[in-house]
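Step one of this worksheet: look at the structure below.
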Amino acid sequence: GPQMQDTLNAVVKKGELVVGTFDFFPPWGFRDAQNNIVGMDVDIAKELAGDDVLKVKLTLVPVPTTQDRINFLLSGKIDVAISNFTATLPRSKAITFSDPYVIDGIGAIYRKEAKIKSWADLNTKKVAVTTGSTGEILLKEQAPKATVLRFDQASTALLAVQQGKADAQIEDFTYTVYHAGRDPKKSLDFIKQPLAFQPYCFGVRKFDQEWLNYMNFFIYRLHQSGKMKELYKKWFNAEPRPISPNW
């Protein structure tokens, strides 16, 4: 039979929680001026490790690419992935996802001179995507005639748009809102209607039921206590979408 995991007891015994998160994806996880990893996912990880929950030391491990979230879990480098991780059926073949903690969608950020107002307008445009992301898949469905430019990280895809090498970038809706509003040249905008609502979940290894149960109860408590809404407002200055959206 499968080898059962016991991450919960292992974390408590060693007194340390190792969380895989991004350090290049504002505002979920990124480096501040002092090179510390900060962001909404980091704040959530701090809550999980804190005195009111696990009461252990928190160690953050930067995850270089979207695929490495799974690789690091399977290799045992991290105990849990908290990295605006979209749960999908293909990914669920390799790992297990917790209950959702945030509902996001897919959005598009673009150069204003490209005159993009709808998803159909992305056809014939040069569109930057993060390799293996849900945005790459949806772009093929919504704008099959678009020229796809693939990048390992969202930050380099955004840079391509800023430098005029791409007309638009497909990313999480919250990402497009965040960066369009912080563009120093005011040359970027975003498509106002998000596409394909997607659940952000924690990633854990398969056959680790007690750890999964603990993650799910922790997420429930974050919402029930109002802490999740507080953190979302801190980083996005907006109300989070309901966890059970009207599809």
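The values are calculated or read from the model by the stated rules, or taken from the named source; none is laboratory data. From a predicted model like this one, the values you see are computed outputs, not experimental measurements. Neighbour counts run over all protein chains shown; Cβ positions are idealised from the backbone, glycine included. When the accessible area is computed, the model is the full protein with side chains, heavy atoms only, and any ligands, DNA or RNA have been set aside. Shrake-Rupley method; radii C 1.70, N 1.55, O 1.52, S 1.80 Å.
Per-structure values
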item	result
Estimated 222 nm signal from helices in the chain, with DSSP H stretches of n ≥ 4 weighted -39500 (n - 2.57), rounded to 500	-9500 deg cm²/dmol
Whole-Å semi-axes of segment 86-140's equivalent ellipsoid (Cα gyration tensor)	28, 13, 8
Inter-site label distance for residue 103 and residue 3 at 7 Å from Cα along Cβ, in nm	3.8
Sorted largest first, extent of segment 147-247 alpha carbons per principal axis (Å)	48, 31, 26
Per residue value of the accessible surface for the chain (all protein chains in place, 1.4 Å probe), Å²	48
Accessible-area composition of the chain, carbon plus sulfur, in percent [1.4 Å probe]	52
The chain - share of DSSP beta bridges that are antiparallel (%, nearest 5)	60
Rg/Rh (Cα only; Kirkwood hydrodynamic radius) as it applies to segment 78-204	0.98
For the chain, alpha-carbon Rg and Dmax in angstrom	18.3, 58
Extension gain (nm, one decimal) between residue 186 and residue 117, 0.36 nm per residue minus Cα-Cα	23.2 nm
For the chain: relative contact order, % (alpha-carbon pairs under 8 angstrom, 6 or more apart)	26
Directionally averaged shadow of segment 1-134, computed from the convex hull of its alpha-carbon atoms, nm²	11.1
Cα Rg, Dmax, segment 1-43, angstrom units	14.7, 49
Solvent exposure, largest accessible area first (probe 1.4 Å, DNA, RNA and ligands not counted), of 136, 230	230, 136
Cβ-derived FRET efficiency at R0 41 Å, residue 46 paired with residue 92, nearest 0.05	0.95
Top positive-direction residue, dipole computed over the chain with Cβ charges, set 89, 28, 116	116
Electrostatic dipole magnitude of segment 67-139 [Cβ: Lys, Arg +1; Asp, Glu -1; Cα centre; debye, to 20]	360
Label zone at residue 152 (point 7 Å along Cα-to-Cβ), backbone N below 19 Å, segment 129-145	129-134, 136
Centroid-to-centroid separation of segment 1-22 and segment 25-102 [C-alpha atoms, Å]	13
